[in-house]
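Chemist: One structure is given below, represented as structure tokens, and several questions about it will come after.
The values are calculated or read from the model by the stated rules, or taken from the named source; none is laboratory data. What you see is a predicted model; the values in this text were computed from it and never measured. Virtual Cβ from ideal backbone geometry, glycine too; neighbours counted across all protein chains shown. What goes into the accessible areas is simple: the full protein's heavy atoms, side chains included, and nothing from ligands, DNA or RNA. Shrake-Rupley method; radii C 1.70, N 1.55, O 1.52, S 1.80 Å.
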Amino acid sequence: MEKLKKRWGIDNNWQIVIILIVFAVTGSTASYIGKPILLFLNITTDSMGTLTYWVIRIILLFVMYQFMLVFFGWLFGQYKFFWNFEKKMLSRIGFKRFFN
């Protein structure tokens, strides 16, 4: 736990628990609401094909996850940690120019 607290720059064990809960809630929520959103947009395997459907769904889930992670982090009082986490993650995949 000490290595994780040092790596993440947090003070106590409760913050680790809250952070892990936020990751779990965000992932579950993004996955849960992804399908209804696609149905609302009339994007199904029948209308788009299986491969196209899954590519669109994965992209949608990725984008939703990014916003929801910061939102749930804010709700649970860990906004600063998750905002810094988002900036680091997005800069690693090529969006660094947006955070300078």
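Chemist: Taking residue 91 as meeting all but one of (1) surrounded by 13 or more Cβ atoms within 10 Å (Cβ to Cβ); (2) polar (S, T, N, Q); (3) at pLDDT 90 or above, write down the number of the exception.
Modeler: Unmet condition: (3).
Chemist: While we're on this one: May I ask you to list the residues in region 61-76 that are open to solvent by less than 70 Å² (accessible area, probe 1.4 Å), touching a helix residue (DSSP H, G or I) at 6+ places or on another chain (Cβ under 7 Å) and not hydroxyl-bearing (Ser, Thr, Tyr)?
Modeler: Of everything in region 61-76, those that are open to solvent by less than 70 Å² (accessible area, probe 1.4 Å), touching a helix residue (DSSP H, G or I) at 6+ places or on another chain (Cβ under 7 Å) and not hydroxyl-bearing (Ser, Thr, Tyr) turn out to be 61, 64, 66, 68, 69, 70, 72, 73.
Chemist: Filtering region 1-35 down to residues that are exposed (fewer than 13 other Cβ atoms within 10 Å of the Cβ) and in a loop (DSSP other than H, G, I, E, B), which residue is modelled with the lowest pLDDT?
Modeler: Filtering first and then ranking leaves 1.
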